[in-house]
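Note sheet for the following structure.
The values are calculated or read from the model by the stated rules, or taken from the named source; none is laboratory data. Source: prediction; values computed, not measured. Neighbour counts run over all protein chains shown; Cβ positions are idealised from the backbone, glycine included. The area values use the complete protein model at the heavy-atom level, side chains included, leaving out ligands, DNA and RNA. Shrake-Rupley method; radii C 1.70, N 1.55, O 1.52, S 1.80 Å.
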Amino acid sequence: MSEDELSTAEPGGNLSALAYRAIAGLIRSHDLRSGEAIVEAKLAEALAISRTPIREALQRLEGEGLIVKTAGRSYMVRRVTLTEYLQSLRVREILEPEAAAAAIGRIAPAAIAEVRAAIDALSKAPAYSRDAHWTCDAQLHDLFVDACGNEIMAAMIHSLRATTHLFEIARLQDRLNPDNTEHVAILDALAAGDAKAARKATQQHIRSLYKFAVEVLG
């Protein structure tokens, strides 16, 4: 895509926003891997965007904790250790159940149905897609986190989820069926307006993630 095409792809020609989404996507898909150096010139060439919006995007990603500055003032994808991953899950286990309970009555039925359809499509896909798995996971968690009514808690959870997402866990495909089942349980509780059930289902989901990581990597 040319820079002219990119500039008309969004109102105001916000190239830095487009660069941000593209680079964040590369990180979340692990095309840019944990600990990998980020070369501005390569990104600018690959995305057909000048280096100024690339720099603006990188500054935003640094603020979100996805990348860090090196001693040479360049950037690299933040490296997350197993210890940091597990500790982040423990904090998520405290916060996310409360966010799910707080979101009761704040989510439109149509939004719940949309995520349910995405989970169903993921489970029926003929081939496994890591990208689709992560996208569906984000849809489910963002659904209740963004509706919890507490901006501070939501920001903390999003930051923790960014950390856990950076960790390159092995055998992620083995989590597909458990994730789908556990996500549906959360959706069922949200749809039923049952705060206690939403809290319990979310807590069980995070604990399941922790147990899986310990079994696979511990």
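Considering (1) in contact (Cβ under 8 Å) with a residue 40 or more places away in the chain; (2) over 16 Å from Val115 (Cα atoms); (3) not charged (D, E, K, R), say which one Ser208 fails and leave the rest. Among (1) in contact (Cβ under 8 Å) with a residue 40 or more places away in the chain; (2) over 16 Å from Val115 (Cα atoms); (3) not charged (D, E, K, R), the lone unmet condition for Ser208 is (1). Of Asp131, Asp120, all but one fail to be open to solvent by 60 Å² or more (accessible area, probe 1.4 Å) and at pLDDT 95 or above; the exception is Asp120.
Whenever a residue of the range 34-61 is open to solvent by 30 Å² or more (accessible area, probe 1.4 Å), its partners that are outside any loop (DSSP other than H, G, I, E, B) and basic (Lys, Arg), lying with C-beta atoms within less than 9 angstrom and at least six residues away or across chains, give the pairs Glu40/Arg51; Glu40/Arg55; Ala41/Arg51. Quick check, is Arg28 touching a His at 6+ places or on another chain (Cβ under 8 Å), among the charged types (D, E, K, R) and either in contact (Cβ under 8 Å) with a residue 24 or more places away in the chain or under 13 Å from Leu166 (Cα atoms) (or both)? Spelling it out, Arg28 is indeed touching a His at 6+ places or on another chain (Cβ under 8 Å), among the charged types (D, E, K, R) and either in contact (Cβ under 8 Å) with a residue 24 or more places away in the chain or under 13 Å from Leu166 (Cα atoms) (or both). Against the list (1) at pLDDT 95 or above; (2) open to solvent by less than 20 Å² (accessible area, probe 1.4 Å), the condition Arg207 fails is (2). Taking the numbered list (1) surrounded by fewer than 19 Cβ atoms within 10 Å (Cβ to Cβ); (2) within 23 Å of Leu86 (Cα to Cα) in turn, Thr163 passes all entries but (1). Within the range 74-81, the presence of a residue that is at negative phi, at pLDDT below 95, surrounded by fewer than 17 Cβ atoms within 10 Å (Cβ to Cβ) and assigned to a helix (DSSP H, G or I) is excluded.
Taken over the range 33-60, residues that are polar (S, T, N, Q) and in a helix (DSSP H, G or I) amount to 2.
Of everything in the range 166-196 that is out of contact with any Phe, Trp or Tyr (no Cβ under 8 Å at 6 or more places or on another chain) and open to solvent by less than 30 Å² (accessible area, probe 1.4 Å), the residue that is farthest from Arg33 (Cα to Cα) is Ala189.
Find the helices (runs of 4 or more DSSP H) located wholly in the range 126-197 whose residues include 1 or more that are within 16 Å of Pro97 (Cα to Cα) and aromatic (Phe, Trp, Tyr), and list them. Step through it out loud before you land on a result.
Numbers: elements: 130-145, 151-166, 176-192.
Here the list reads 130-145.
Cβ separations smaller than 6 Å between residues 6+ apart or across chains give the following pairs from the range 157-177 residues that are farther than 17 Å from Ser208 by Cα to residues that are hydroxyl-bearing (Ser, Thr, Tyr) and in a helix (DSSP H, G or I): Thr163/Ser88.
Looking at Val68, Val91, which is the one that is outside any helix (DSSP H, G or I), closer than 21 Å to His158 by Cβ, modelled with pLDDT of 90 or more and among the hydrophobic types (A, V, I, L, M, F, W, C)?
Going through Val68, Val91 in turn, the sole match is Val68.
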